[in-house]
Number of protein chains: 2
Amino acid sequence: MTARALGADGVFISDVNDRELLGTVTNVAKRFGGDFQVESGKSWRSIIVDWKKRRGKVVHLTAYGMPLPKVIREIRRSRGDKLIVVGAEKVPGELYGLADWNVAVTNQPISEVSALGIFLDWFFGHRRLEATFRNAELRIIPAKRGKRVLNLKP
Amino acid sequence: MTARALGADGVFISDVNDRELLGTVTNVAKRFGGDFQVESGKSWRSIIVDWKKRRGKVVHLTAYGMPLPKVIREIRRSRGDKLIVVGAEKVPGELYGLADWNVAVTNQPISEVSALGIFLDWFFGHRRLEATFRNAELRIIPAKRGKRVLNLKP
């Protein structure tokens, strides 16, 4: 949901086939709009290899990488679709070599999903936070207090 | 860990007394440095009431709030220490009234910890990602590939 909200076109959930998670994200994407793609079940390695075959670039988020502020310009200017890789727990060492960039969202331990959110915010130049999504059934109207939701369901 | 890495001085984990979580964060803070404070067990309401008594300000992160880019300047310029509140699951309606600002890190469903990370990054003007922490036992040296860690333990 963080990837979707921050402007990613889709997500691969690798090495698992979690139907419940898949259902939740698909359901949110349907209700809140946009064309977010969710795919699961493929191995992380085959996702990366396929991505690179199609001339896409791979960004691996890790506390051991180069500081985000130092490399974001180069990444933004580079050609090809970007695959942002975040690991859960221990990440296979091979991944560091496969990635075009190993990027640190702080060189500190940090939750992977927050690293992903911060990276995407920077990648889109801090300009995507107010984006609206087409084909939404629900739209939240910003409010100082309480909850205002627009029901757009036909 | 996200709060610590992004520059917060500490965290309250309200309404639970999770010794394992407390231990993990305290351990990371010790190894990676800084003076991060962790407290748990108090109710969310008493934390907020005490905070406001000490003239602190309360920022509640919620998809229903005002867009972050619209309010961040006002928050940054305001006086008093800031308490950033992120809820798990359903948040009590009362919280919207107690908060000085209800702030949306996108008006979309999003993981709370990523909202917290993005908020702190904006709050500190996108300038805290390369901060170093004093009294660290370990320091990660940024690397293009692989892992480089400095052991500073005396």
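Within segment B:14-38, track down each residue that is of a type in the set (Val, Ile, Thr) and open to solvent by less than 30 Å² (accessible area, probe 1.4 Å).
The first filter runs over segment B:14-38 and keeps only residues of a type in the set (Val, Ile, Thr), leaving B:16, B:24-26, B:28, B:38.
If the condition is that a residue be of a type in the set (Val, Ile, Thr) and open to solvent by less than 30 Å² (accessible area, probe 1.4 Å), then B:VAL25, B:VAL28 are the ones that fit.
Of all the criteria given as (1) open to solvent by less than 30 Å² (accessible area, probe 1.4 Å); (2) within 30 Å of A:VAL71 (Cβ to Cβ), the one not satisfied by B:ARG127 is (1). Residues that are facing chain A (nearest Cβ under 10 Å) and more than 21 Å from B:ILE13 (Cα to Cα): does segment B:81-96 have at least one? There is no residue in segment B:81-96 that is facing chain A (nearest Cβ under 10 Å) and more than 21 Å from B:ILE13 (Cα to Cα).
Tell me, please, whether a residue that is among the aromatic types (Phe, Trp, Tyr) and under 24 Å from B:ARG128 (Cα atoms) can be found in segment B:45-56. Checked segment B:45-56: no residue is among the aromatic types (Phe, Trp, Tyr) and under 24 Å from B:ARG128 (Cα atoms). For segment A:123-146, the count of residues that are touching a strand residue (DSSP E or B) at 6+ places or on another chain (Cβ under 8 Å), free of Cβ contacts under 8 Å to residues at least 40 places away in the same chain and not in a loop (DSSP other than H, G, I, E, B) is at least one. Taken over segment A:1-12, the criterion of being crowded, with 17+ Cβ neighbours inside 10 Å and more than 14 Å from every other protein chain (Cβ to nearest Cβ) is satisfied by A:PHE12 alone. Just one of the listed residues (A:LYS70, A:LYS53, A:LYS82, A:LYS57) is loosely packed, with under 13 Cβ neighbours inside 10 Å and of a type outside the set (S, T, N, Q), namely A:LYS53.
Spot the failing condition for A:THR106; the list is (1) open to solvent by 20 Å² or more (accessible area, probe 1.4 Å); (2) closer than 29 Å to A:SER46 by Cα; (3) in a loop (DSSP other than H, G, I, E, B), and only one is missed. Failed condition: (1). Scan segment B:39-48 for residues that are surrounded by fewer than 14 Cβ atoms within 10 Å (Cβ to Cβ) and touching a residue at least 24 places away in the same chain (Cβ under 8 Å) and the total you get is 3. Quick check on segment A:133-150: of everything there that is within 14 Å of A:VAL28 (Cα to Cα) and of a type outside the set (Phe, Trp, Tyr), which residue is nearest to the other protein chains (Cβ to nearest Cβ)? Top of the filtered list is A:ILE140. Please work out which residue is farthest from the other protein chains (Cβ to nearest Cβ), limiting yourself to segment A:108-124 and to residues that are of a type outside the set (A, V, I, L, M, F, W, C) and out of contact with any Lys or Arg (no Cβ under 8 Å at 6 or more places or on another chain). The residue in question is A:GLU112.
Tell me, yes or no, whether segment A:83-93 has at least one residue that is assigned to a loop (DSSP other than H, G, I, E, B) and within 24 Å of B:ARG128 (Cβ to Cβ). For segment A:83-93, residues assigned to a loop (DSSP other than H, G, I, E, B) and within 24 Å of B:ARG128 (Cβ to Cβ): present.
The values are calculated or read from the model by the stated rules, or taken from the named source; none is laboratory data. Here the structure is a predicted model, which means the values were calculated and not measured. A quick note on method: Cβ atoms are made from the backbone with ideal geometry, for glycine too, and the neighbour counts reach across all protein chains shown. Remember, those area values only see protein heavy atoms, side chains included, never the ligands or the DNA or RNA. Shrake-Rupley method; radii C 1.70, N 1.55, O 1.52, S 1.80 Å.
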